[in-house]
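Before any comments, here is the structure.
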């Protein structure tokens, strides 16, 4: 029997900053890569995170986690603005948390943005 820690992948998106925070369990779920790729599917309003490599222009380097929050932070106004266009019910100054699910055999964590929960206080 495999003794694997149960992971709770999640992301939070702060529309005011604008920042996407990816928790450590999300990175662990895809094998702790040095680079990640963010994939957006507008048809089902989802965000995917998968491993990338340094030769891919879409890839983001994971240099280190924010030690106080145990997250990786990506600051991108254009990316966050595009997410808001897909989620018109989101408040422009709000923050949202989305729980993810591992897609077995594909090395991807998928986040359904329609399941986002507003974070009170915007942290």
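Read-outs: derived from the displayed coordinates by stated rules, not from any lab. Quantities reported herein were computed from a predicted structural model and do not represent experimental measurements. Cβ atoms come from the backbone with ideal geometry, glycine included; neighbour counts cover every protein chain shown.
Using the reciprocal of the averaged 1/r over all distinct C-alpha pairs, how large is the Kirkwood radius of the range 10-118 in Å?
Value: 14.0 Å, from the Cα pair sum.
Using only the alpha-carbon atoms, how far is helix 77-86 inclined from the longest principal axis of the chain? Give it as 0 to 90 degrees, nearest 10.
Relative to the chain, helix 77-86 is tipped by roughly 80 degrees.
For residue 77 and residue 101, what does the FRET efficiency come to when R0 = 22 Å and r is the distance between their Cβ atoms, rounded to the nearest 0.05?
Given R0 = 22 Å and the Cβ-Cβ separation, E is 0.20.
Once each part is reduced to its C-alpha centroid, what is the distance from the range 12-62 to the range 73-92 in angstrom?
14
Treat each spin label as a single point 7 Å out from the Cα along the C-beta direction, and report the residue 5 to residue 58 distance in nm.
2.9
Cut-off is 10 Å between beta-carbons; in what order do 96, 75 appear when sorted fewest neighbours first?
By the 10 Å Cβ count, ascending, the order reads 75, 96.
Let me have the 222 nm mean residue ellipticity of the chain computed from DSSP H runs of 4+ only, each contributing -39500 (n - 2.57), with the sum over all residues rounded to the nearest 500.
That calculation yields -3500 deg cm²/dmol at 222 nm.
Expressed in nm to one decimal, what extension gain is obtained for the pair residue 32 and residue 117 from 0.36 nm per residue of sequence separation less their Cα-Cα distance?
Here the answer is 28.0 nm.
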